[in-house]
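Below: one structure, written as structure tokens.
Nothing in this text is a laboratory measurement; each read-out follows from the coordinates by a stated rule. Predicted model, so just to flag it, every value in this text is computed and none were measured. Neighbour counts run over all protein chains shown; Cβ positions are idealised from the backbone, glycine included.
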């Protein structure tokens, strides 16, 4: 298992390099640059040229990337071109809200989705409800869902705050209050997919010959479902949960905007709209690292449920 | 591998885990419901404060930096709390003392400007605001390479301090707009303390002005919320209406209205797309027309689009559009229809110009035929979904189609892309949203051949002559010349302006003070006038 983790970590280095290079090239082809954002609508061509000179934006692209990469390898992700704040400290400030949002949403989606999926595998009719529900869950735009939840729970019922994020250090109660509606918004589509995947995987496992043997041996149905079938169905379920975790990263862009949460998603949008290259590169690095860590956890979980993976 | 007993215990344990997780979440919701009050506020800025002690003001766009010298008037919603302007423009467009007690041009020709500061002013860091400090601040703003300050202060050639509180500006060219530039709409007079100028990084996430409040950086999170506390060195305690002001960034306009309905935010910058929703929610909506919006017919010389080079064609487009219908449909108020280059309440406004281009499809077709385009032509327009411009351009395009003019929209999702394409000189027309303040600010960006809104660098001798007179005119004579400039621009048909899009503010019933936003002061009130309603 330790070698598995080490291998995954080793792969993350070229992955980070490729991701940062691809994002750098894409941003270079976006219209405009940070100089336009800094200069404002009334900036003259001379002012824009002076800003580009000061920021080094007139250097060749390969030179700009090499400069960034050299600093990044020393742990320095540079400073935001617009706010001049250190990219690392800016993003570290925004890490907690995003991770709280994503982890809570996936936990919620996983718990509810797996529970629903198992029940659906055992009761045929509920399976149809899960199928229909998964289509609705995927079709509902999270933007709309978030606004409806705010309208009901914050505006009409006044039991939860409409927007904002309360850090954990300010108290777990306020922290949780500020995240309940965003968690639900982000979790709904993921719950739909996890429930459907769980139902299919558990139903498939229950059809296998070893289950007939277990029943013949007198093992209780509860034990067959939760100890044997669910364990055998765990690999595809884990795969989907891992994918949902990664999918939730991109979902944070919309959810953080609706609920005014200062996370990585909203930072990525702000950085991209103002061509703030160091901040864009920094968010790419952070997102890539999060995906790598998620994949490591999923692989370790694979190893727990399937010994063959441990030995591979 | 465990035996049957261990297996049963293990499966029971997993079910219990799932049940516990769901139970924790339900408990969180229940606990939240029991513990929260009607005015829930999860922001870090004092959720238990009453409105009397604190107020939350909502804004959509955070400034990249809090340095007013590199900032933009668009970020006034954050900067105004800490920086009083030199002069205040009130609701009828007249100027009142701000940090300056006296101001005005010296002699003839608008080339020497002088102002006198109030006595005894101090920056929030305790250092005195005198003539020397004001001079240093203005020179600092002028020297910046980014932001609006260098443009606003561009005409200043040198700064003298003939008295301890008197500052004299020698201008390199006649510039009648200095007083307006120093008022709250543009914020050219946001003065920064010398200590902060010596350490400019301190201004990226800190304030050092003469305003009723100052930033509490420890309680603030950049781009999310800014907490302002009372400035202990402020000269007028009667203007410190709250102990704490929190400026909360909520980029989604619908979420902003909902936050106000829930009591989390008491006043906010509005948005054209939520005006109706805000009114329906029982909020006070203050929405003076502010921006000339429509299509900027940039290629007036016909370089890329030959038809646009003909004045008759541009006039035909103006006749083809039913402004009142578009204003009513998109903004809910047909009074926002606009067909000139000034707004009601401003010096250059002329009511008679509203009848210059009545909606007349036949007249439009006749002019197009006379110009040699009986079947119309295709007009590429670069636009952006921001500020509702895509919708506006599409609505205009629908009406131009009736006279055979096919509008081809190139929509850019971000302002950078839109702006870059607009100034490229490759597209003959662009969606237009230009804040109207006075003819001077119109010249800077729109009429000037170096301005970004005139990328084809077209000029008109009659207009140039009028502007020459305008720059030399006294404040009393200015409005008459402004009317003539307005009339000439309308006659030239350089724009297909359709509405005066409002700059809007929302207030809930607990506060008042933003009603002073009018077209006469470019739709920008003094935000620090915000106070309890009773």
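Here are the numbers:
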| item | result |
| --- | --- |
| Contact order normalised by residue count of region A:89-273, Cα under 8 Å, 6+ apart, percent | 35 |
| Among B:339-346, B:118-125, B:457-464, the order from most to least packed when residues are scored by Cβ within 10 Å on average | B:339-346, B:118-125, B:457-464 |
| Förster-model FRET efficiency, 41 Å R0, residue B:329 and residue A:169, C-beta, rounded to 0.05 | 0.25 |
| Region B:253-408 shape via C-alpha gyration tensor axes, a/c threshold 1.5 | prolate |
| Highest to lowest packing among A:162-168, B:365-371, scored as the average C-beta count within 10 Å | A:162-168, B:365-371 |
| Viscosity 0.692 mPa s, 37 °C: Kirkwood-radius Stokes-Einstein D of region B:84-149 over Cα pairs, µm²/s | 241 |
| Chain lengthening between residue B:529 and residue B:281 when straightened (0.36 nm per residue, less Cα-Cα) | 86.9 nm |
| Rg to Rh, two decimals, where region B:337-461 supplies the alpha carbon set and Rh follows Kirkwood | 0.97 |
| Part-to-part distance (alpha-carbon centres) for region A:181-215 and region A:266-280, which is given in Å | 38 |
| Chain A, relative contact order in percent, only Cα pairs under 8 angstrom and at least six apart counted | 28 |
| 20 °C / 1.002 mPa s Stokes-Einstein diffusion coefficient of the protein assembly as shown, Kirkwood radius on C-alpha pairs, µm²/s | 72 |
| Peptide B:248-259, shielding by other chains (average Cβ, 10 Å cutoff) | 6 |
| Relative contact order computed over chain B (Cα-Cα under 8 Å; 6+ residues apart), in percent | 19 |
| P(r) weight above 33 Å for chain B, C-alpha pairs, percent | 47 |
| Spin-label zone in region B:352-394 - amide nitrogen under 12 Å from a point set 7 Å from the Cα of residue B:304 along the C-beta vector | B:379-383 |
| Normalised alpha carbon radius of gyration of region A:89-273 [divisor 2.2 N^0.38 Å] | 1.19 |
| Rounded to 10°, Cα long-axis angle of helix A:264-273 versus longest principal axis of chain A | 40 |
| Within 10 Å of each Cβ in B:261-272, the average number of Cβ atoms from other chains | 3 |
| Dimensions in Å of region B:289-502 - Rg and Dmax from alpha carbons | 16.0, 48 |
| Long-range Cα-Cα pairs in chain A (distance over 26 Å), rounded percent | 58 |
| Peptide A:268-274 - average C-beta neighbours from other chains (10 Å radius) | 3 |
| Separation in nanometres of the label points that stand 7 Å from Cα toward Cβ, at residue B:195 and residue A:103 | 4.1 |
